[in-house]
1. Of all residues in the stretch 74-88, which are in a helix (DSSP H, G or I), over 9 Å from the mean Cα position of the chain (by Cα) and closer than 14 Å to residue 9 by Cα?
2. Hey, any hits in the stretch 95-109 for a residue that's more than 18 Å from the chain's Cα centre (by Cα), on the phi > 0 side of the Ramachandran plot and modelled with pLDDT under 95?
3. Just give me the residues in the stretch 15-29 being under 14 Å from residue 67 (Cα atoms) and touching a helix residue (DSSP H, G or I) at 6+ places or on another chain (Cβ under 6 Å), in sequence order.
């Protein structure tokens, strides 16, 4: 079962770091450096997740997935969004064929 409350608490903590002193927190440092640093970190963590997936170590996959999710949430905060915005989109997609949903996005662009 998903503990959505953990994600909500993390989102609140990350948001609180938006105006924090960069010397006081890793998240504040990333947010102060801006989107290029955040995106670079997401790329690094995603590459590590890919490698974990290739090696097949379940614990490594879980840990790298958590790193990707954390850094994605930092990007959301930077953009003025939260995990709630992502969950709204996930709920919208629930029960819709992935093929149909992708077609709808292509048409609307």
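The values are calculated or read from the model by the stated rules, or taken from the named source; none is laboratory data. Values in this document were obtained by computation on a predicted structure and should not be read as measured data. Here the Cβ positions follow ideal geometry from the backbone for every residue, glycine too, while neighbour counts run over all protein chains shown.
1. Result: 77, 84.
2. The first filter runs over the stretch 95-109 and keeps only residues more than 18 Å from the chain's Cα centre (by Cα), leaving 95-109.
Subsequent filtering for residues that are on the phi > 0 side of the Ramachandran plot retains 95.
From what is left, the residues that are modelled with pLDDT under 95 are 95.
Checked the stretch 95-109: at least one residue is more than 18 Å from the chain's Cα centre (by Cα), on the phi > 0 side of the Ramachandran plot and modelled with pLDDT under 95.
3. Within the stretch 15-29, 27 is the sole residue that qualifies.
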